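Student: I am attaching a structure below and will ask some questions about it afterwards.
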Amino acid sequence: MILVNLFVQSRYPVDRKLVRQRALKVLSENHVVDAQVDISIVGTRKIKVLNESELKHEGTTDVLSFPQHERHNLNDFPMPEGMPPHLGDIVISFPAAVENARRFGKKVDDQICFFVEHGLMHLLGYHHAE
C-alpha cells in the first residue's frame, strides 16, 4: 500500500488529486509498493525557517526533502501493523512554484508536481551528482 499524506496551507489553490497521482506514479515507476510519504505545501517564511534550521542553508528554497532513513533500510523503523514504512517528508514552497511556473511557462500545479518528483527522488536515495 502506498499512502500519500498531503498538507496544503488553505490559501493555496492546489490540485490535490493531481499531486497525489504524480507521487503514486513516481513511486510505482521506482518499484515502491509499500510506503508512505508526507508532502507539505507552505509559504516562503516556513520553508526559509526549515532550510536554515534543518539544513543550515541561508535563505529560502523551492523544495526540501527529509528522508526518514536509507532506502535499503525501509523496514528498520517499526510501524503499527498495517502501516507502510515512512519514506520521509517533502516540503514545497508555493510562492517558488508560482515564480518558476511563470518563468518556464508552466501551470503552477505542473511545477508543484515537478517539485514532488524531485523530492521523491531524493527520498529514494538519488542525489544531484547522480
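Yes/no matrix, rows are residues, columns are (1) at pLDDT 95 or above; (2) in contact with a Lys or Arg (Cβ under 9 Å, 6 or more places away or on another chain); (3) loosely packed, with under 15 Cβ neighbours inside 10 Å:
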site	(1), (2), (3)
Ile41	yes, no, no
Leu50	yes, no, no
Glu54	no, no, yes
Pro80	no, no, yes
Ile92	yes, no, no
Phe104	yes, no, yes
Lys107	yes, no, yes
Phe115	yes, no, no
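Student: Now for a separate question. Is it the case that Leu124 is of a type in the set (A, V, I, L, M), at pLDDT below 95 and in contact with a helix residue (DSSP H, G or I) (Cβ under 8 Å, 6 or more places away or on another chain)?
Tutor: For Leu124, the condition - of a type in the set (A, V, I, L, M), at pLDDT below 95 and in contact with a helix residue (DSSP H, G or I) (Cβ under 8 Å, 6 or more places away or on another chain) - is met.
Student: Now, a different point. Where residues in segment 1-36 are assigned to a strand (DSSP E or B) and not aliphatic (A, V, I, L, M), which of them is farthest from Ile112 (Cα to Cα)?
Tutor: Of the residues in segment 1-36, the ones assigned to a strand (DSSP E or B) are 2-8, 35-36.
In the following step, the residues that additionally are not aliphatic (A, V, I, L, M) were identified as 5, 7, 36.
Working: Asn5: 15, Phe7: 13, Gln36: 19 Å.
Among residues in segment 1-36 that are assigned to a strand (DSSP E or B) and not aliphatic (A, V, I, L, M), the one farthest from Ile112 (Cα to Cα) is Gln36.
The values are calculated or read from the model by the stated rules, or taken from the named source; none is laboratory data. Note that the structure is a prediction, hence the values are computed from the model and not measured. Cβ atoms come from the backbone with ideal geometry, glycine included; neighbour counts cover every protein chain shown.
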